[in-house]
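Derivation of every value follows stated rules applied to the coordinates shown; laboratory data play no part. In this text, all values refer to a predicted model and were calculated from it rather than measured experimentally. Neighbour counts are summed over all protein chains in view; Cβ atoms, including those assigned to glycine, are modelled from backbone coordinates with ideal geometry.
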Amino acid sequence: MNLNIIGKRKIFFTISIVAMVLVLLVTIFVGPTLDIEFKGGSIATYSYTGEMDPAAFEKTVEQALGQSATVQQQENSSTGQTNLVVSLTQSSGLTTENQTELLKTLQETYPDNSITAEDVNNVDPVLGREFFKKCIVAVIFASVIMVVYIGFRFRKIGGASAGIVAVIALLHDILISFGIFVLLGFPINDNFIAVVLTILGYSINDTIVIYDRIRENKRTQGDKMPLGELVNMSINQCMRRTVNTSLTTAMALLCICVVAVLMNVSSILTFAVPMMVGVISGLYSSVFLSGSLWTLWQEKKAAKAKAA
């Protein structure tokens with residue numbers, strides 16, 4: 001296989017630009033949903049007996065409290081008991097009076113289900129915002145460290161330019177994963193931060209492999225081969241390894257998604273789906289964007305030096 005990736009880079013740039021525009025449109029018209037841990041609110045857990053319709057239970061909670069709520073079934077791994085977890089995003093939280101009135105309403109509405117309040121937690125919105133800020137700082141710090149590391153390791157092929165291009169490719173992958181969160185209505189929570197940090201570590205590995213091959217080929221070929229051809233050759237030499245690694249990981253994540261759907265484990269699903277898309281996006285950006293962007297940078301730099 002010998003794909004002319006550098007020669008067709010405008011096509012790949014266009015695909016990425018279109019993808020970014022779609023993410024922007026989804027963000028504007030659908031909008032992200034911040035989870036309680038970032039926005040503040042309350043989480044109440046109720047146990048019950050018999051059969052229970054979560055949708056009907058959710059409607060009852062909303063009518064009783066006069067605010068929107070999300071209800072999910074969750075199995076207690078230690079007892080095997082299935083509970084209903086109510087999430088409320090109103091920042092004021094549930095007062096003791098609210099909790100008492102809600103429990104009374106639920107017990108009156110479902111007298112045969114022996115509903116009991118197991119746990120109620122109020123999340124301070126100030127703490128949630130502070131946690132979110134710290135997560136953003138962690139992502140920025142990780143990106144800066146990557147630029148410095150790659151700039152030092154690949155100083156013979158442009159240094160800082162290689163690091164900056166690698167981070168641009170990572171931002172591309174993160175935005176794609178963010179778009180999936182928004183499109184599928186997944187809440188932005190610690191799963192999103194976990195996906196972002198995992199992509200930062202995973203996707204950069206494929207880019208480093210390609211950079212390493214470019215450096216080795218540049219050392220052996222020198223100026224005998226045009227830069228575009230050298231980069232294209234380097235990418236194709238890494239293609240099989242990169243594709244096999246990424247697809248294997250994506251297939252494993254797909255299996256996790258299937259199990260999460262069958263077992264109704266939303267916390268795993270909201271991690272595995274965006275992560276799977278991020279891995280595929282990372283494959284695309286490493287193969288079709290990183291080398292092409294770096295080549296374009298070096299060509300512009302050489303043209304500017306020649307003009308001077």
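Over segment 41-123, Cα pairs under 8 Å with separation of 6+ residues give a relative contact order of 48 percent. Taking max minus min of the alpha-carbon positions on each principal axis, segment 41-123 gives extents of 32, 26, 21 Å, largest first.
Each peptide in 22-33, 222-233 receives the mean, over its residues, of other Cβ atoms within 10 Å, and ordering these scores from highest gives 222-233, 22-33. Between the Cα long axis of helix 125-153 and the first principal axis of the chain there is an angle of about 20°, rounded to the nearest 10. Net charge of the neighbourhood of SER267, taken over other residues with C-beta under 14 Å away and scored Lys/Arg +1, Asp/Glu -1, is -4.
Grab the DSSP H runs of the chain that are 4 residues or longer, score each as -39,500 (n - 2.57), total them, divide by all residues and round the 222 nm result to the nearest 500 deg cm²/dmol. Intermediate results must be reported in sequence, preceding the final value.
Details: 10 runs with 209 residues, N = 308.
After summing the helix terms and dividing by residue count, I get -23500 deg cm²/dmol.
Which one of GLY50, THR60, ILE280 is farthest out on the positive end of the charge dipole of the chain, using unit charges on Cβ (Lys, Arg +1; Asp, Glu -1) and the Cα centre as origin? Ranked along the dipole, the leading option is ILE280. Cross-link reach is defined here as a Cα-Cα straight distance under 22 Å, omitting same-chain residues fewer than 8 places apart; for LYS133 the lysines meeting it are LYS39.
I'd like the antiparallel share, as a percent to the nearest 5, of DSSP beta bridges with both residues in the chain. Present the calculation step by step, with values, prior to reporting the outcome.
On the way: 20 of 22 bridges.
Restricted to the chain, the bridges split so that about 90 percent are antiparallel.
Order these peptides, 263-275, 119-131, by their mean beta-carbon neighbour count within 10 angstrom, highest first. Before the final figure, lay out each step's value.
On the way: 263-275: 19.2, 119-131: 15.1.
So the order, starting with the most tightly packed, is 263-275, 119-131.
Going from the residue with the fewest nearby Cβ atoms within 10 Å to the one with the most, GLU97, GLU37 rank GLU97, GLU37.
Partner lysines whose Cα lies under 21 Å from the Cα of LYS300, excluding those fewer than 8 positions away in the same chain, are identified as LYS8, LYS10, LYS156, LYS218, LYS224. Principal-axis analysis of the Cα atoms of the chain puts helix 96-109 at an angle of about 70° to the longest axis.
For the chain, averaging the sequence separation of C-alpha pairs within contact (under 8 Å, six or more residues apart) and dividing by the residue count gives a relative contact order of 23 percent.
In segment 41-123, the DSSP beta bridges split such that about 100 percent are antiparallel, to the nearest 5.
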